[in-house]
Amino acid sequence: MNELAQVLLLTTMAGSAIPIGGLLAKVEKISPEWLETEFRHSVIAFGGGVLVSAVALVLVPEGIKELALPWIISAFVLGGLAFWGLETLLDRSKSSMAQLVAMLSDFVPEAVALGAAFATGEGAGMLLAVLIGLQNLPEGFNAYRELDSSSKLKGWKLIACLAACVPLGPLAGWIGYQHLASFPRVVDFIMLFAASGILYLTFQDLAPQAKTENQRAPAIGAVFGFLLGLIGHVLLEG
């Protein structure tokens with residue numbers, strides 16, 4: 001299998017985690033109620049841990065390779081401000097699609113970076129693909145719950161909506177592979193831009209949702225999410 005085919009396959013698989021997460025949210029029924037609440041918060045916290053590991057182990061280390069400090073600072077500042085502005089805009093518009101848009105706003109640039117990483121021979125491409133898939137699973141889970149409670153879409157129509165997001169992954173991966181591999185500094189800028197936005201979303205949206213009164217399992221979920229990414233990093237380096 002050539003590299004482009006790998007990129008398309010991996011980004012499709014990573015994107016497929018979105019509707020799979022939605023399907024899990026659709027069928028998930030746990031009793032008693034406190035255990036169901038604990039499970040849902042732990043899933044959200046796990047996603048936060050994976051997001052942080054993607055930032056710490058792939059996006060930031062790869063993003064700083066080719067960029068001078070002023071560009072690194074610019075990418076991080078612009079990323080945070082852009083994601084803050086997007087969330088503010090969606091909040092003011094009272095859009096029921098806010099969670100979905102937030103999810104895609106980190107999935108798409110990561111897929112672009114993945115495609116470029118394969119084209120330039122960077123070993124982080126495979127690890128990034130795994131982390132994207134792992135983060136999309138709980139994000140799809142959360143997106144289904146948010147949309148189910150705030151939009152007219154229900155059941156399988158909502159799953160179909162989440163599935164419609166899957167092709168954005170291979171499209172973004174193809175763009176990164178075919179058109180951005182010759183511009184490593186642009187790819188690095190995108191990585192840091194996405195990393196900053198992901199950190200903003202993690203602490204603004206995921207962390208508060210993962211907290212439950214007098215419960216500590218969600219924090220353990222975040223630890224295990226980060227640990228999973230760390231294991232992948234160690235195996236890659238080994």
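From Ala68, Ala56, grab the single residue that is touching a residue at least 24 places away in the same chain (Cβ under 8 Å) and open to solvent by 20 Å² or more (accessible area, probe 1.4 Å). Give the derivation first.
On the way: Ala68 fails: touching a residue at least 24 places away in the same chain (Cβ under 8 Å).
On inspection, the qualifying residue turns out to be Ala56.
Please go through (1) in contact with a Leu (Cβ under 9 Å, 6 or more places away or on another chain); (2) closer than 16 Å to Leu199 by Cα for Phe141 and return the number of the only condition it doesn't satisfy.
Going through (1) in contact with a Leu (Cβ under 9 Å, 6 or more places away or on another chain); (2) closer than 16 Å to Leu199 by Cα one by one, Phe141 breaks only (2).
Counting only residues that are open to solvent by less than 40 Å² (accessible area, probe 1.4 Å) and touching a helix residue (DSSP H, G or I) at 6+ places or on another chain (Cβ under 8 Å), which one in the stretch 17-40 is farthest from Ala164 (Cα to Cα)? Give the derivation first.
In the first step, residues of the stretch 17-40 are kept if they are open to solvent by less than 40 Å² (accessible area, probe 1.4 Å); the result is 17-19, 21-22, 25, 28, 36, 38.
Then keep just the ones that are touching a helix residue (DSSP H, G or I) at 6+ places or on another chain (Cβ under 8 Å); that gives 17-19, 21-22, 25, 28, 38.
Numbers: Ala17: 12, Ile18: 10, Pro19: 9, Gly21: 14, Gly22: 12, Ala25: 17, Glu28: 22, Glu38: 29 Å.
Among residues in the stretch 17-40 that are open to solvent by less than 40 Å² (accessible area, probe 1.4 Å) and touching a helix residue (DSSP H, G or I) at 6+ places or on another chain (Cβ under 8 Å), the one farthest from Ala164 (Cα to Cα) is Glu38.
Is the stretch 124-146 home to any residue that is at pLDDT 80 or above, in contact with a helix residue (DSSP H, G or I) (Cβ under 6 Å, 6 or more places away or on another chain), acidic (Asp, Glu) and open to solvent by 60 Å² or more (accessible area, probe 1.4 Å)?
Within the stretch 124-146, one or more residues are at pLDDT 80 or above, in contact with a helix residue (DSSP H, G or I) (Cβ under 6 Å, 6 or more places away or on another chain), acidic (Asp, Glu) and open to solvent by 60 Å² or more (accessible area, probe 1.4 Å).
Which of the residues belonging to the stretch 1-52 are touching a Gly at 6+ places or on another chain (Cβ under 9 Å) and aromatic (Phe, Trp, Tyr)?
Phe46
Within the stretch 161-179, track down each residue that is without any contact (Cβ under 8 Å) to a residue 40 or more places away in the chain and either open to solvent by less than 60 Å² (accessible area, probe 1.4 Å) or of a type in the set (Phe, Trp, Tyr) (or both).
none
How about the stretch 71-87: which of its residues are modelled with pLDDT under 85 and open to solvent by 40 Å² or more (accessible area, probe 1.4 Å)?
Matches in the stretch 71-87: Trp84, Leu86, Glu87.
Output the residue which, of all residues in the stretch 41-53 that are open to solvent by less than 10 Å² (accessible area, probe 1.4 Å) and at pLDDT 80 or above, is farthest from Pro184 (Cα to Cα).
Checking each candidate, the answer is Gly49.
Determine if the stretch 148-157 includes at least one residue that is touching a residue at least 60 places away in the same chain (Cβ under 8 Å) and closer than 30 Å to Ala5 by Cβ.
No, the stretch 148-157 has no match at all.
The values are calculated or read from the model by the stated rules, or taken from the named source; none is laboratory data. No experiment lies behind these values; they were computed from the predicted model shown. Glycine also receives a Cβ, built like all others from the backbone with ideal geometry; neighbour counts cover every protein chain displayed. Note: accessible area is taken over every heavy atom of the protein model, side chains too, but ligands, DNA and RNA are not part of it. Shrake-Rupley method; radii C 1.70, N 1.55, O 1.52, S 1.80 Å.
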